[in-house]
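What follows draws every value from the coordinates through simple rules; no lab data is involved. Note that the structure is a prediction, hence the values are computed from the model and not measured. In this analysis, Cβ positions are derived from the backbone assuming ideal geometry, glycine residues included, and neighbour counts consider all displayed protein chains.
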Amino acid sequence: MAKKPAKKAAKKKVVKKATKKAAPKKAAKKAAKKVVKKKAAKPAKKKTARKLNPALMTPYTPSAALGEVVGNKPLPRSQVVKKLWVYIKANKLQDTKNKRMINADDKLKAIFNGNKQVSMFEMAKFISKHLK
């Protein structure tokens, strides 16, 4: 019978040690919550509209070959790429197995230096040669 009380005493010591270790963690959590509340109390800064770089909006005149696809008016490079993608999607020129590849038709072959298939990353290289 003497063995049972010894086991209970050992369990109490373990429980006490665990609570002593947990106490600093609880205090740290409470302190962290207070810090978060203090930071949230400050008024939020007003977000300003992001300004575009005017160099990105510089209109370029497309070559005759590129003009057949996107039009002959001067356009920023971003608009040229958008119109080219509209043409590619409308004519279903994107490869069905590998969507990164573009299958060129007669109009696009003139832009892509006669290549039958070009990756979408190479497309930007070819477009830049047709913009002035």
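Positive end of the charge dipole of region 57-129 (Lys, Arg +1 and Asp, Glu -1 on Cβ, about the Cα centre): tell me which of PRO74, GLN94, SER128 has its Cα farthest that way.
Toward the positive end, the furthest listed residue is GLN94.
Under 16 Å Cα to Cα from LYS107, which aspartates and glutamates show up? Leave out anything in the same chain fewer than 8 places away.
Hits, sequence-local ones excluded: GLU68.
What pairs in LYS45/LYS89; LYS92/LYS132; LYS47/LYS99; LYS46/LYS132 have C-alpha atoms more than 32 Å from each other?
Check vs 32 Å cut-off fails for LYS45/LYS89; LYS47/LYS99; LYS46/LYS132.
At a threshold of 8 angstrom on Cα-Cα distance, excluding pairs fewer than six apart, so keeping six or more, what relative contact order does region 57-129 reach in percent?
22 percent
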